[in-house]
Amino acid sequence: MSALPIKNENGYFEIRMEAIGGMGANLAGKMLAEAAVIHMDLNGTTFSSYGSEKTGTPLKAFVRLGPGDEEIAIGGPVVNPHILVIFHTILRDILPVTSGLIKDGIVIVNSTMTPAEAKEFFDLPGGHIYVLDCDKIVIEEKVKINTVMMGAITKVSNFIEPDAVRKAITKGLGKFGDKIVQANIKAFERAMNEMQYEHFDWPEGMDEIPIAKVTQKIGYMNAPLGGAILNPGNTIDRDVSGSRAGWIPVWHEDKCTHCGICETACPDLCFTFEKGVDKNGKEGMMNRGIDYQYCKGCLKCVSVCPVDALTKEKEADFDVDKIRRAKTF
Ligand code: SF4
Ligand code: SF4
């Protein structure tokens, strides 16, 4: 029977994944728990918590592991994780994702930042910080991020057996065929070898990152009477950029004829059109670019542009904030 390296006061080792619906964190939790229970003789539970929309909204996936000869007696969310996994940096602006991390805990972040930059970005007090450019692996191996993160979790846990996880991936994804399984196993292996790591001293006297209470900006207590919509374009607070899988459309002004076809194809009306004058001096609505806040990276616009004024590019190669053309509503 495998032994847990550290346990909390209840006798468990706990992992919390902070992700966005559609990234596969729920399935990652299931495959990790299956690896531990079926192939390592541990006990384990896993479940996820997400909004009604599922895809595109923040999601938490929990894995709780215990000794094989003791039942798991707790069913609640993981509040004080030993390993905290952050699938997308955008989550920092939406939820207190680092809430409750244990003293000197392990954090894995999908990012091109250095560990020191990730520490500052997430305002982490210290701990074992790993960063991994998961999106690069996702693009190159044509997989979802979940098996990449499983490789990272397996490596940093120091007790989850890689072979047990390989077996769980093979079974979990087997219905999609051997090619998909092999691509995911390769992504899993790469993750174990491509992380950057740094340890930062944890401040004296701090037991954990304080647990943050999540409060909704608008709920049943403070929603306007009669369901009034106060702002036209009321999705102004929404940011769906976390739904992108490593690719963005890039607009090339010099080629654009302002025909508007991209806007009609875009499910999220991401393009910013303003009154202007075209090359022939004729007045009309001119395309000024993309508001990436609303762009989920489906690339429908790229496929419909008749003059190649939109191209499919790797998001990591661009500073999206700099090329974004924000809507003014
Ligand atoms: S479809 Fe292409 S040419 Fe037409 S407005 Fe969009 S980017 Fe410009
Ligand atoms: S990639 Fe999809 S969501 Fe983004 S601008 Fe193009 S059509 Fe719209």
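Observations
- Among the residues of the stretch 197-226, those that are within 24 Å of the chain's Cα centre (by Cα), at pLDDT 70 or above and exposed (fewer than 10 other Cβ atoms within 10 Å of the Cβ) comprise 213, 214.
- Filter result for residue 160 (closer than 19 Å to residue 3 by Cα and at pLDDT 95 or above): yes
- Residues of the stretch 269-293 that turn out to be away from ligand 1 (no atom under 12 Å from the Cβ), of a type outside the set (D, E, K, R) and within 30 Å of the chain's Cα centre (by Cα), as a count: 3
- Residue in the stretch 310-325 that is crowded, with 16+ Cβ neighbours inside 10 Å and within 11 Å of ligand 1 (Cβ to nearest atom) present: yes
- Residues (in contact with a strand residue (DSSP E or B) (Cβ under 9 Å, 6 or more places away or on another chain) and closer than 16 Å to residue 319 by Cα) located in the stretch 269-297: 289, 290, 291, 292, 295, 297
- The residues of the stretch 244-268 that are surrounded by fewer than 15 Cβ atoms within 10 Å (Cβ to Cβ) and more than 9 Å from ligand 1 (Cβ to nearest atom), listed by number, are 254, 267.
- Some residue of the stretch 157-173 being among the hydrophobic types (A, V, I, L, M, F, W, C), closer than 17 Å to residue 201 by Cα and without any contact (Cβ under 8 Å) to a residue 60 or more places away in the chain: no
- Criterion violated by residue 297 - all others in (1) under 23 Å from residue 57 (Cα atoms); (2) not in a loop (DSSP other than H, G, I, E, B) satisfied: (2)
- Only listed residue being within 13 Å of ligand 2 (Cβ to nearest atom) and in a strand (DSSP E or B), chosen from 249, 267: 249
- Taken across the stretch 227-237, residues that are surrounded by fewer than 12 Cβ atoms within 10 Å (Cβ to Cβ), more than 23 Å from the chain's Cα centre (by Cα) and either under 29 Å from residue 113 (Cα atoms) or modelled with pLDDT of 70 or more (or both) do not occur at all.
- Selected residue (only one of 307, 277, 302 is within 30 Å of residue 110 (Cα to Cα) and among the aliphatic types (A, V, I, L, M)): 302
- Yes/no for residue 84 being assigned by TED's automatic domain parsing to the domain that holds residue 19 and either assigned to a loop (DSSP other than H, G, I, E, B) or modelled with pLDDT under 95 (or both): no
- Helices (runs of 4 or more DSSP H) (entirely within the stretch 135-220) containing at least 3 residues that are in contact with a Leu (Cβ under 9 Å, 6 or more places away or on another chain) and closer than 13 Å to residue 32 by Cβ: 145-157, 162-173
- When the criteria are applied in full, residue 126 fails the requirement of being under 27 Å from residue 40 (Cβ atoms), over 20 Å from the mean Cα position of the chain (by Cα) and surrounded by fewer than 20 Cβ atoms within 10 Å (Cβ to Cβ).
- Close Cβ contacts (under 9 Å, 6 or more residues apart or on different chains) running from residues in the stretch 6-18 that are farther than 24 Å from residue 95 by Cβ to residues that are in a loop (DSSP other than H, G, I, E, B) and among the acidic types (Asp, Glu) comprise 11/70.
- Residue in the stretch 292-307 that is more than 15 Å from ligand 2 (Cβ to nearest atom) and at pLDDT below 95 present: no
- Contact map, the stretch 314-329: residues that are over 13 Å from residue 291 (Cβ atoms) paired with residues that are in a loop (DSSP other than H, G, I, E, B) and not acidic (Asp, Glu), Cβ distance under 8 Å, separation 6+ or inter-chain. Pairs shown: 314/246; 315/244; 315/246; 315/297; 316/112; 316/246.
- Apart from one condition, residue 143 fits all of (1) buried (at least 20 other Cβ atoms within 10 Å of the Cβ); (2) within 17 Å of residue 130 (Cα to Cα); the exception is (2).
- In the stretch 270-290, of all residues being within 28 Å of residue 87 (Cα to Cα) and either in a strand (DSSP E or B) or at pLDDT 95 or above (or both), the one that is farthest from ligand 2 (Cβ to nearest atom) corresponds to 289.
- All of (1) assigned to a loop (DSSP other than H, G, I, E, B); (2) surrounded by fewer than 19 Cβ atoms within 10 Å (Cβ to Cβ) hold for residue 117 with one exception: (1).
The values are calculated or read from the model by the stated rules, or taken from the named source; none is laboratory data. Since the structure is predicted, the reported quantities are computational estimates derived from the model, not experimental observations. Every residue, glycine among them, receives a Cβ derived from its backbone with ideal geometry; neighbour counts consider all protein chains shown.
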